[in-house]
Structure formats: structure tokens, C-alpha cells
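**Student:** For reference, the structure I am asking about is given below.
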Amino acid sequence: MATRKMVQEKPQPEVQQTELKKEDEKVSLNPQLAEEFDLQKLNSILQEIIFTYKEQHKNLETTVLKQPVELTGETITFKLNGEIQQDIFQKIKPEVFQLLRRKLNNYSIHLDSVIVEEVIDGKKKLYTSTDKLQYLKGKSPALIELQKRFGLETDF
């Protein structure tokens, strides 16, 4: 008898889940919940979210949200500086997504992120010793001769 009861109860949650999915589809298709917005409105709402995160002492998340944003249709793209910011963004994405949907009154928006290499003076940033050495060799050819003469290497 207990097994029959369990078998009969099991399909009910699945039915509820499909009903919830249908409700979500209705929400995304409802034109009343797709209010138009522009970059200025988006930036003002992002500032509100950043202020809230500052109050909660979420400094890393605040830094990620302060990165430049690009708006293409209803897709919001954050331009991040590296993998670390990308990881942080992925962690806060669901929360930020819900906040933006609610505050913009638009449930058809999409959040995305792109890692953009920061370029200063048209040149790539020098992070590793090898990159720095190659840069200096380009500036001063005498460094190539010194490296050969003394057997200098950047990797140790």
C-alpha cells in the first residue's frame, strides 16, 4: 500500500514542474513584461545594484559590475578584464539577472560577458618575464647581445 501511494505521488511534482515551465514561457511571451529601456536607464539601475553590493561589502562583485557594459537589443554584455572577473560574474549572474529583470520590468533580457584584453597605447600588457624581455629586446637590440653573451634566460 505504501508503494502504491509513493508511485501515485511521484508524477505530481513532475506535472507541477511542467506547469511552472509553461508559466515561465507565458511570462517571456507577454509583451507587457517587456518594457523598453536604453543604456542610460540600464546604467542607473546598475548603479543602484552596485550601491547595494557596496553596502553588503561585496567588493569583488562591485568591481565586476563597474566594468563597461554594451547593450545590443535586449542583450546586456559586460566587458570583463580576465578569467577571475569572469568567474565572479558567473557566480553573481543569476542574482543580477533577476534584479535587472525586475527593475527594468523586462523579462526577455539576456546577460552575457566577454573578456576584453586591456590595451594601453596600442600595445598588449606585459605580464610575464618573457613578454617583458621580448618588449625590451625590441626597444634595445643591445639586450639581445647581452643575453647571448651572459646566457641569460627568463624562465628559471
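The values are calculated or read from the model by the stated rules, or taken from the named source; none is laboratory data. None of the values given here were measured: they were computed from a predicted structure. Ideal geometry is used to build each Cβ from the backbone, glycine not excepted, and the neighbour counts take in all protein chains shown.
**Student:** Taking the conditions exactly as written (farther than 30 Å from residue 35 by Cβ, of a type outside the set (S, T, N, Q) and in contact with a Phe, Trp or Tyr (Cβ under 8 Å, 6 or more places away or on another chain)), does residue 146 satisfy them or not?
**Tutor:** no
**Student:** With surrounded by 11 or more Cβ atoms within 10 Å (Cβ to Cβ) and out of contact with any helix residue (DSSP H, G or I) (no Cβ under 8 Å at 6 or more places or on another chain) as the only criterion, which of 88, 84, 115 stands out?
**Tutor:** 84
**Student:** How many residues are assigned to a loop (DSSP other than H, G, I, E, B) and surrounded by 12 or more Cβ atoms within 10 Å (Cβ to Cβ) when one looks only at the range 50-81?
**Tutor:** Total satisfying the criteria: 5.
**Student:** What is the number of the single condition among (1) over 30 Å from residue 41 (Cα atoms); (2) part of a loop (DSSP other than H, G, I, E, B); (3) at pLDDT 80 or above that residue 133 does not meet?
**Tutor:** For residue 133, the failing item is (2).
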